[in-house]
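What follows is one structure encoded as structure tokens, with my remarks underneath.
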Amino acid sequence: MLNGMTFPSHLKGSFLHGATFWDGKKIVVGMTIRGKDADKFWFSLFHELAHSVLGHIGQLNGTTEDDEKKADMWARDILIPNDDFERFKNGNDYSEKSVLQFAQKQGIAPGIVVGRMQIEGIIRFNMLNNLKEKYVIA
């Protein structure tokens, strides 16, 4: 449970983190806590919101690969503006202290920075995981 909201665990055999769809006149965003990592949850939430903002919901043939890439980029840049992240990367200091300082300047959890660094191949997936939060299903 997170702020009074309950999230299902992931569906076995799927890699689903979230889904967005129309229900009558309302847009519904459904989330799982697959992997339970907070950075994955927040990225997935913003990815799903991107589908709404970018007009991908309700297309006859569903979302395209291009739609998914655009939603990924939108979520990535909402969480950490790309110009800011590029400046951070160009500093070549990926220490815990540097990540904590950058995260504080961005106003985000340090685990979100770590997750992006891992996904972009800047650090290995076994590095700085102590800065990542996990959510527990209550």
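The values are calculated or read from the model by the stated rules, or taken from the named source; none is laboratory data. Keep in mind the model is a prediction, meaning the values are calculated, not measured. Note: ideal-geometry Cβ built from the backbone for every residue, glycine included; neighbour counts use all protein chains shown.
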Do we find that I78 is of a type in the set (V, I, T), touching a helix residue (DSSP H, G or I) at 6+ places or on another chain (Cβ under 8 Å) and over 19 Å from T32 (Cβ atoms) in this structure? yes
Return yes or no: is L128 surrounded by 17 or more Cβ atoms within 10 Å (Cβ to Cβ) and on the phi > 0 side of the Ramachandran plot? yes
Taking helices (runs of 4 or more DSSP H) that fall entirely within segment 58-132, which contain at least 1 residues that are under 17 Å from W42 (Cα atoms), out of contact with any Pro (no Cβ under 7 Å at 6 or more places or on another chain) and of a type in the set (S, T, N, Q)? 82-90, 96-106, 110-119
I need the full set of residues from segment 19-51 which are buried (at least 20 other Cβ atoms within 10 Å of the Cβ), closer than 15 Å to T63 by Cβ and either among the polar types (S, T, N, Q) or at pLDDT below 75 (or both), in order please. T20, S44
For segment 60-113, enumerate the residues that are basic (K, R) and surrounded by 12 or more Cβ atoms within 10 Å (Cβ to Cβ). K70, R76, K89
Determine the pairs where a residue that is within 19 Å of S98 (Cβ to Cβ), located within segment 125-137, has a partner that is of a type outside the set (A, V, I, L, M, F, W, C) and not in a helix (DSSP H, G or I) with Cβ atoms under 6 Å apart, the partner being 6 or more residues away or on another chain. K132/D37
